[in-house]
Amino acid sequence: MSDDEEFEPVETLELPLGAWHRAKGARIVEFAGYHMPIQYEGIMAEHLWTRENAGLFDVSHMGQLMLSGEDAAGSLEKLVPGDISALKEGRMRYSLLLAEDGGILDDMMITAAPMGLYVVVNGAVKWDDIGYLREHLPDEVTINHMDDRALLALQGPKAAEALARVVPGVDALFFMESGTFFWGPKTDPEPLWISRSGYTGEDGFEISVPAAHVMRLTEELCAQPEVKPIGLGARDSLRLEAGLPLYGHDMNPDIDPVEGNASFAISKRRREEGGFNGADRILKALKDGPQRKLVGFAVEGKMPVREGAAVFSGERQVGVITSGGFAPSVGSPIAMGYVEREHIATGTALEAEVRGKRVSLTVAAMPFIPHRYHRRGASK
């Protein structure tokens, strides 16, 4: 889509792999304006398969943008709290798109690519993001919405060995690194943009591929014995166990990065210099501490605590659940949500109200299971 197009989709859209998902028996739901596979054989089985092997997720609903032009990084830094100018080619950074008051409009992955900044944004708000970027970035920065590309995520401890058979060389990447790799016949190979990243807490990769070729690549990946297709349901339980927020649930425009437990996304230079949307509010919260904060919860018993449940200390409501459910790898329900600053310490005993009954909660450290990213310099 070019810079001068202004429209939003009104009908529920099909993914490039829509027919493939249905042929594989996926249960389809509407999500972020698309028909999306929520599960194939079952959320529990798909979750555990990904933790032990490799799961393939279709995340083509997400927005793939390329920002290019004079000082694109410096211009984007006015809207995000990360040190984007310092990114070397092939390196990535998690960041946050900020409203003028410092509220979070989206979270995103930003990669320094040869042709500019490759930015992946959430599908549910990608049209809003594009409009906001177009309004707030100078005319010298071009925004290319690459809607002719699909996006796959291959996640799990066996993802590297499976992907390396199909796309040689990808196992040389470390966490938060990316590059161009060639796949297909030697006479006419197709370039793929691949990063070692993901949103499950596991080692894994995200693969940007032309939509015209995504079905062939998907078939080749699923032909590997370690790989099965995985739906949105397990993607949600995996990211919850990994303590990773879901935009629109655990983050929104009313929340700033400090409240949202995302202070790590505020780079050292930006903490010193400011110069980004909402810097005064955010840097003050860093110094003084937030009035509320996103925390994790261990849930007593077997009853899941869902989004929207009120959190109490005695008879006083002190917070709200923003994500919750049964965690297959933990073996019990877990949740995350916001509580007042007096109650954010790990080990704090609270209660949630579920169907008129109180359920005991304990503030827990996140992630709920250790991250297993393939980091450069980490001991094996």
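The values are calculated or read from the model by the stated rules, or taken from the named source; none is laboratory data. Remember, predicted model here, so these are calculated numbers, not experimental data. When we count neighbours, we look across all protein chains shown, and the Cβ atoms used for this are built from the backbone with ideal geometry, even at glycine.
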Of (1) free of Cβ contacts under 8 Å to residues at least 60 places away in the same chain; (2) assigned to a strand (DSSP E or B), Leu151 fails just (1)
One residue is enough: does region 356-372 have a residue meeting the conditions surrounded by 14 or more Cβ atoms within 10 Å (Cβ to Cβ), part of a strand (DSSP E or B) and free of Cβ contacts under 8 Å to residues at least 60 places away in the same chain? no
The lone exception for Ser95 - which of (1) crowded, with 20+ Cβ neighbours inside 10 Å; (2) polar (S, T, N, Q); (3) closer than 25 Å to Val227 by Cβ it fails: (3)
I'd like the full set of residues that are outside any strand (DSSP E or B) and of a type in the set (D, E, K, R), limited to region 91-123. Glu100, Asp101
If you go through region 301-335, how many residues are assigned to a loop (DSSP other than H, G, I, E, B), of a type in the set (A, V, I, L, M) and farther than 23 Å from Gln291 by Cβ? 2
Would you please list the contacts, defined by Cβ atoms under 7 Å and residues six or more apart or on different chains, that run from a residue in region 213-231 that is farther than 13 Å from Ala164 by Cα to a residue that is polar (S, T, N, Q) and at pLDDT below 95? none
Suppose we filter region 207-263 for residues that are assigned to a loop (DSSP other than H, G, I, E, B) and more than 30 Å from Gly289 (Cα to Cα); how many remain? 6
Name the residue that is farthest from the chain's Cα centre (by Cα), counting only residues in region 165-195 that are of a type in the set (Gly, Ala, Ser) and surrounded by 14 or more Cβ atoms within 10 Å (Cβ to Cβ). Gly184
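May I ask you to say which residue of Trp49, Trp20 is at pLDDT 95 or above and over 21 Å from the mean Cα position of the chain (by Cα)? Lay out the reasoning, then the answer.
Working: Trp49 fails: over 21 Å from the mean Cα position of the chain (by Cα).
Criteria check complete, one pass: Trp20.
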(1) modelled with pLDDT of 95 or more; (2) more than 20 Å from Asn122 (Cα to Cα); (3) not hydroxyl-bearing (Ser, Thr, Tyr) all hold for Leu76 apart from (2)
